[in-house]
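Chemist: Before anything else, here's the structure in question.
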């Protein structure tokens, strides 16, 4: 089955700096890669996703890049703000009826003032 | 649009007791998922339903966990008997279709087994 590894497990940046979180996956048939943000005690919420027919996707201060050959994808957050502090999870899945998401272990991002 | 609803939000039980969780997905969502999230880890899929049929239950500990989605809408997840290691947040999620992967999560049920 799919295995997703995520690094780093914790990340501390100063407000205004950039943050990068990296994930690798094992199943070459995976073609959907979402990122979820989970604030303490709350539900995971989708912040951005990418499909394997594109290499990069941006949404304001957030971007995701995908390298299918190397089987890795990354989340980039620019101009970080205190409200970006949360745990971020990457995930991977195939498309299709049995489209199971396999999650990474999470990155705790702390944005300090 | 209403989100995924779950109840109860919190549950404390003793080991060997039974517990049940309820989930109501977003209206019209055919696919429903139950995840277990242990503290400090990512969600792990327990079971996936497409309408009222099971698509994937490969990681469901079937000796103690069961789930059903009888009318293809609401779902219940049961643990009987509970073990200490079942302490976790149980998240329900739904998506419009299994082929469209965006999943929307409910608030979760935090289970503590003493």
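Chemist: Listing A:112, A:107 from the residue with the fewest other Cβ atoms within 10 Å to the one with the most, what is the order? Kindly include the intermediate steps, with their values, before the conclusion.
Modeler: On the way: A:112 11, A:107 22.
Ordered by Cβ neighbours within 10 Å, fewest first: A:112, A:107.
Chemist: Sorting check: for B:34-42, A:88-96, B:79-87, which peptide has the highest mean count of neighbouring beta carbons within 10 Å, and how do the rest follow? Don't jump to the answer; show the numbers that get you there.
Modeler: On the way: B:34-42: 17.8, A:88-96: 22.4, B:79-87: 15.8.
Packing proxy ranking, top to bottom: A:88-96, B:34-42, B:79-87.
Chemist: Along the Cα→Cβ direction, 7 angstrom out, place labels at residue A:62 and residue A:108. What is the inter-label distance in nm?
Modeler: Each label point is offset 7 Å from its Cα along the Cβ direction, giving 2.1 nm.
Chemist: Between the alpha-carbon centers of the stretch B:53-114 and the stretch A:61-86, tell me the distance in whole angstrom.
Modeler: Using only Cα atoms to place each centre, the spacing works out to 29 Å.
Chemist: Something else about it: Only Cα pairs under 8 Å and at least 6 apart count here; give the relative contact order of chain A as a rounded whole percent. Let's see the in-between values first.
Modeler: Details: 282 pairs, mean separation 42.0, N = 113.
Across chain A, relative contact order equals 37 percent.
Chemist: Can you tell me the equivalent ellipsoid semi-axes for chain A? Use √(5λ) from the Cα gyration tensor, largest first, whole Å.
Modeler: Values: eigenvalues 113, 41, 29 Å².
For chain A, the semi-axes come out at 24, 14, 12 Å.
No lab work stands behind these numbers, since they all come straight from the coordinates. Because the structure is a prediction, the values reported are computed rather than measured. Neighbour counts run over all protein chains shown; Cβ positions are idealised from the backbone, glycine included.
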